[in-house]
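The values are calculated or read from the model by the stated rules, or taken from the named source; none is laboratory data. Fair warning: this is a prediction, and the values are worked out from it, not measured in the lab. So basically every Cβ, Gly included, is an ideal-geometry build from the backbone, and we count neighbours across all protein chains shown. Heavy atoms of the whole protein, side chains included, go into the accessibility calculation; ligands, DNA and RNA do not. Shrake-Rupley method; radii C 1.70, N 1.55, O 1.52, S 1.80 Å.
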Amino acid sequence: MLIECPWCGPRAESEFSCGGEADIVRPAEPDKLSDREWGDYLFMRKNPRGVHREQWMHAQGCRRWFMATRDTVTYAFQGYETFGGASAGHAAKEGKQS
Ligand SMILES: [Zn+2]
């Protein structure tokens, strides 16, 4: 399977690392969470059927992160987004915008 890096173009899936579900926001004040809430943040992830967003890093290439929209049923990638230009470094920057 090929994954298309926004910078490098289509490359083998083996060059990429999946960073998991996109749009997970790190709790603002982790100290105030219970152990259970913190555990939920660390370990609980939706496992949706259908289209969802994931973070990927082109680990064997440009080592940049991007966001891919993927259908978990067909494994078809449907689109790519970068993290707003300037610093493609970290997902946490994006946050929730809704
Ligand atoms: Zn790349």
Can you go through 49, 11 and tell me which one is open to solvent by 50 Å² or more (accessible area, probe 1.4 Å), part of a strand (DSSP E or B) and not aromatic (Phe, Trp, Tyr)?
11
Count - residues of segment 52-70 that are open to solvent by 40 Å² or more (accessible area, probe 1.4 Å), charged (D, E, K, R) and in a strand (DSSP E or B)
1
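Among the residues in segment 74-94, are any of a type in the set (D, E, K, R), over 23 Å from residue 1 (Cβ atoms), open to solvent by 40 Å² or more (accessible area, probe 1.4 Å) and at pLDDT 80 or above?
At the first step, the residues of segment 74-94 found to be of a type in the set (D, E, K, R) are 81, 93-94.
From the residues that got through so far, the ones that are over 23 Å from residue 1 (Cβ atoms) too are 93-94.
This time we only want the ones that are open to solvent by 40 Å² or more (accessible area, probe 1.4 Å), so: 93-94.
From the residues that got through so far, the ones that are at pLDDT 80 or above too are none.
No; the residues of segment 74-94 include none that is of a type in the set (D, E, K, R), over 23 Å from residue 1 (Cβ atoms), open to solvent by 40 Å² or more (accessible area, probe 1.4 Å) and at pLDDT 80 or above.
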Odd one out for residue 83, checked against (1) in a loop (DSSP other than H, G, I, E, B); (2) within 16 Å of the ligand (Cβ to nearest atom); (3) within 18 Å of residue 15 (Cα to Cα); (4) not small (Gly, Ala, Ser)
(3)
